[in-house]
Amino acid sequence: MSAAPPVDPVVSCTFQPPRAFVELRGEFDIAVREQLADELARARLAGCTRVEVDARDVGFIDASCLRVLHQETVRQARGGGTLQIVTASAVMVRTVTVAGYADLAPHAAMSTTPA
């Protein structure tokens, strides 16, 4: 049995200040880190202080991309805003938990989907 081919990452954003909705699909590694950071910065610069991330279709995410999400969470909090992962794949939940990013960890109300 061969492994499935990597899924190209997609970052899709909808800005409706003060809210931004960010959808992540695919596999996220260091090669995508800057794109993810740029999209989150665009949301902040557009006046979005409530960023909701849908990560239900994330098949892989490495520490560099988790760090980007964490850093944006900190930036938003400093400005009175929030970044929350509102839906996450099981892979995303496990990775966030193992990596120790408590600020990105699922909340009781968060919906998770199997990976």
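Where only DSSP H runs of four or more residues are counted, the chain gives -10500 deg cm²/dmol as its mean residue ellipticity at 222 nm, each run worth -39500 (n - 2.57). The angle between the Cα long axis of helix 33-45 and the main principal axis of the chain comes to about 20°, on a 0 to 90 degree scale. Looking at the chain alone, DSSP beta bridges between its own residues are antiparallel in about 30 percent of cases.
For the chain, what does the relative contact order come out to in percent, with C-alpha contacts under 8 Å and a separation of six or more?
That works out to 24 percent.
Among Asp54, Asp103, a tally of other beta-carbon atoms within 10 Å of each Cβ gives an order, fewest to most, of Asp103, Asp54.
The numbers here are math on the coordinates, done by the rules we state, and not lab data. Computed from a predicted structure; not experimentally measured. For neighbour counting, all protein chains shown are included, and Cβ atoms are generated from backbone atoms with ideal geometry for every residue, glycine included.
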